[in-house]
1. Would you tally the residues in segment 77-105 being within 15 Å of the chain's Cα centre (by Cα) and either open to solvent by 20 Å² or more (accessible area, probe 1.4 Å) or at pLDDT below 95 (or both)?
2. Of the residues Val37, Val71, Val14, which is aliphatic (A, V, I, L, M), part of a helix (DSSP H, G or I) and over 30 Å from Asp246 (Cβ atoms)?
3. Does segment 94-127 hold any residues that are closer than 23 Å to Phe223 by Cβ, in a helix (DSSP H, G or I) and of a type in the set (Phe, Trp, Tyr), and which are they?
4. Pick out, from segment 139-245, the helices (runs of 4 or more DSSP H) lying fully within it that include 1 or more residues that are β-branched (Val, Ile, Thr) and surrounded by fewer than 19 Cβ atoms within 10 Å (Cβ to Cβ).
5. Can you name every one of the helices (runs of 4 or more DSSP H) wholly within segment 258-334 that holds 1 or more residues which are open to solvent by 20 Å² or more (accessible area, probe 1.4 Å) and closer than 25 Å to Ala133 by Cβ?
6. Just checking, which of Val127, Val111 is open to solvent by less than 70 Å² (accessible area, probe 1.4 Å), within 20 Å of Trp236 (Cβ to Cβ) and at pLDDT 90 or above?
7. Residues Ala56, Ala61: which one is free of Cβ contacts under 8 Å to residues at least 12 places away in the same chain and either in a helix (DSSP H, G or I) or under 19 Å from the mean Cα position of the chain (by Cα) (or both)?
Amino acid sequence: MSAAAPRAYWRDSVSTYERASTRSAVLDLASSLGAYVVLTVAMYLVRETSIWLMLALAVPASGFLLRTFIVFHDCTHGSFMPTKRGNVWLGRLTGLVVFQPYANWRHNHAVHHGSSGDLDRRGTGDVETLTAAEYAARSWQGRLAYRLFRSPVLLFGIGPIWSLMIGPRLWTKQMRPRQRHSVWLTNLALAAVLGAIIWLVGPVAWLEVQMPTAILAGVGGVFLFYVQHQFEDAYWESGEQWSYADAALKGSSYLKLPKLLQFFTGNIGLHHVHHLSAKIPNYNLQRAHDENPIFDDVPVLTLLDGVRTLRLKLIDPASGRLLTWRQARQATAG
């Protein structure tokens, strides 16, 4: 089947998987937010007895927090619950748990879905990626800043803290009123909720329990978000050549994880299915992939492949490939 077929054809082929299920949603919520809350309470209870047991519990707790983020993510697409109101209110609730303003994140992520792989519309809701020519045209300060931003140390060291805790607290004049209000109200709600928890357990206990879990989940989330569109043959086109369906099927990876990691990441590794139709809830993604031949030729990455993508830094528009620093130098010299 040709990937150039009209978008409507592809959407029709997966439309039956877009139906949200209350039963599946409740089970998903129990095995994400519910499990995260239970483990967090357990961490507070064992903290005085054994700091090592508390830190050990932070590992599965971070996995359930990551699953909770996927629930939040699905709610922003209006796909997790059968009703619009259910998605909005659950999205706001889980948004507080993962420190994200619901309406603002929903807007930026929708822009990402509508422009992923488009060279002319980069910059909103995605990882900054320059072409080789754009990088060469920057000042030395600009090139240094880009190199630092794309370094694994910064991506996975500062990146989780910025993307989870600091960046979502900020707003600009360019934001729509609904986005700004979302940020303000979320900040106020977080101040009240976190203030109450810290008053109850103390600031030291809060930091010792919450920070390891949040940072581990944040590192996993940043890695997933990075690798989903940052692989060697990822789709890059501009203008009229850009295609929504091609961007989904050629520019979004199928990160084939071990079953346990697939569970904790809420099936988001099936990113090609998600980008073709964001209305498919995470609990239907695997079935949609397995039952449709249109997904037979999508880019498949293993966990090791995902780690190797960290070497890729710049877009070569002529070949449609991502290049390492060395490859970019050789291309420029040639």
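The values are calculated or read from the model by the stated rules, or taken from the named source; none is laboratory data. Just so you know, these numbers come straight off a predicted model, no measurement behind them. Using ideal geometry, Cβ is built from the backbone for each residue, glycine included, and neighbour counts are taken over all protein chains shown. Please note that ligands, DNA and RNA were not included when accessible areas were found on the heavy atoms of the full protein model with its side chains. Shrake-Rupley method; radii C 1.70, N 1.55, O 1.52, S 1.80 Å.
1. 3
2. It is Val37.
3. Trp105
4. Per the criteria, 152-157, 177-201, 203-227.
5. Hits in segment 258-334: 303-308, 325-333.
6. Just a single option satisfies the conditions, and that option is Val111.
7. Ala56
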